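To start, the structure under review is shown below, and the notes come after it.
The values are calculated or read from the model by the stated rules, or taken from the named source; none is laboratory data. All figures in this text were calculated on a predicted structure; none of them were measured in a lab. Don't worry about glycine lacking a Cβ; one is built from the backbone with ideal geometry, like all the others, and counts go over all protein chains shown. Just the protein is used for accessible areas: all its heavy atoms, side chains included, with ligands, DNA and RNA removed. Shrake-Rupley method; radii C 1.70, N 1.55, O 1.52, S 1.80 Å.
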Amino acid sequence: MSTTATEKSAIGSLEKQTLNLLPTPVMAIDKDFNVLFLNDAGEQVLSLAPGQAVGRKCYDLFNTTHCRTSECRCARAMTSRQSESGEAVADPSGLNLPISYTGAPLTDDSGQVIGAVEYVLDITEDSRRKSTLALLPTPVMAIDKQYNILYLNEVGEKLVGLQPGQAAGS
């Protein structure tokens with residue numbers, strides 16, 4: 001069963017409506033990092049009018065610490081052909097927001113990578129909590145039900161002879 005142009009248009013409209021309901025920025029870019037779509041939440045974060053981001057470079061809009069580097073998760077996703085996640089600081093208009101974000105490759109009907117889609121989560125509160133715990137003069141640790149270490153502050157890491165960040169996941 002083939003999909004008609006009218007049906008494809010209706011599906012595309014429904015997809016945009018769905019993405020605009022999400023409370024977090026979602027963006028689609030082409031291989032040259034030109035914005036093809038930015039949902040309502042992304043436009044609000046950037047203080048842009050609807051459609052104003054389209055055609056602009058994503059790195060000029062979000063200005064993260066990963067933009068235009070080998071750390072860019074959208075660039076990595078387009079190369080690896082799989083989802084890539086990371087944490088960075090986004091600085092649109094001087095906001096200095098700690099974020100967690102994921103880039104995933106966009107492909108055409110023949111499977112060729114034509115760009116990437118990215119969604120962004122504001123992790124400001126998480127970063128504040130970690131900063132507060134890092135300042136405590138006593139070891140602080142969080143574990144899951146299987147006793148895997150989720151977090152160990154720097155004092156705790158030094159106490160057991162680990163490098164910063166080495167304890168998480170062990």
Overall Cα dimensions of region 16-112, principal axis frame, Å, largest first:
36, 29, 21
Here FRET efficiency (C-beta to C-beta, S80 to V140, R₀ 41 Å, nearest 0.05) is 0.70
Can you tell me how much longer the chain between S70 and T18 gets when fully stretched, taken as 0.36 nm per residue apart minus their C-alpha distance, in nm with one decimal?
15.6 nm
So which lysines can K16 reach, going by Cα to Cα under 24 Å and dropping same-chain residues fewer than 8 places off?
K8, K31, K57
Suppose each label sits 7 Å from its Cα in the direction of the beta carbon; what would the R129-S100 distance come out to in nanometres?
1.0 nm
log10 I(q)/I(0) for region 13-57, Debye formula on C-alpha points only (no solvent), q = 0.19 Å⁻¹, two decimals, reads -0.52
Rg in Å to one decimal, and Dmax rounded to a whole Å, for region 61-153 via C-alpha atoms
16.9, 57
For the chain, take the longest principal axis of its alpha carbons; what is the angle in degrees between that and the long axis of helix 124-135, to the nearest 10 within 0 to 90?
10 degrees
Can you tell me which of 50-59, 154-163, 65-74, 35-44 comes out highest on packing, and rank the rest after it, using the mean Cβ neighbours within 10 Å?
35-44, 65-74, 50-59, 154-163
What is the extension gain from I114 to L150, computed as 0.36 nm multiplied by their sequence separation minus the C-alpha to C-alpha distance, in nm to one decimal?
9.3 nm
If each of D40 and N63 carries a label point 7 Å out from its Cα toward its Cβ, how far apart are those two points in nm?
2.7 nm
Under a Cβ-only charge scheme (Lys and Arg +1, Asp and Glu -1), can you give me the dipole magnitude of the chain about the Cα centre, in debye to the nearest 20?
260 debye
Contact order normalised by residue count of the chain, Cα under 8 Å, 6+ apart, percent
15 percent
Where labels lie 7 Å past Cα in the beta-carbon direction, separation of Q163 and R56 in nm:
3.9 nm
Three-way shape call for region 128-170 based on the alpha-carbon gyration tensor, with the a/c threshold at 1.5:
oblate
Leaving out ligands, DNA and RNA but keeping every protein chain, what accessible area does D144 have, in Å² rounded to the nearest 10, with a 1.4 Å probe?
50 Å²
Semi-axes (Å, rounded, descending) of the ellipsoid equivalent to the chain per its C-alpha gyration tensor are 37, 18, 15
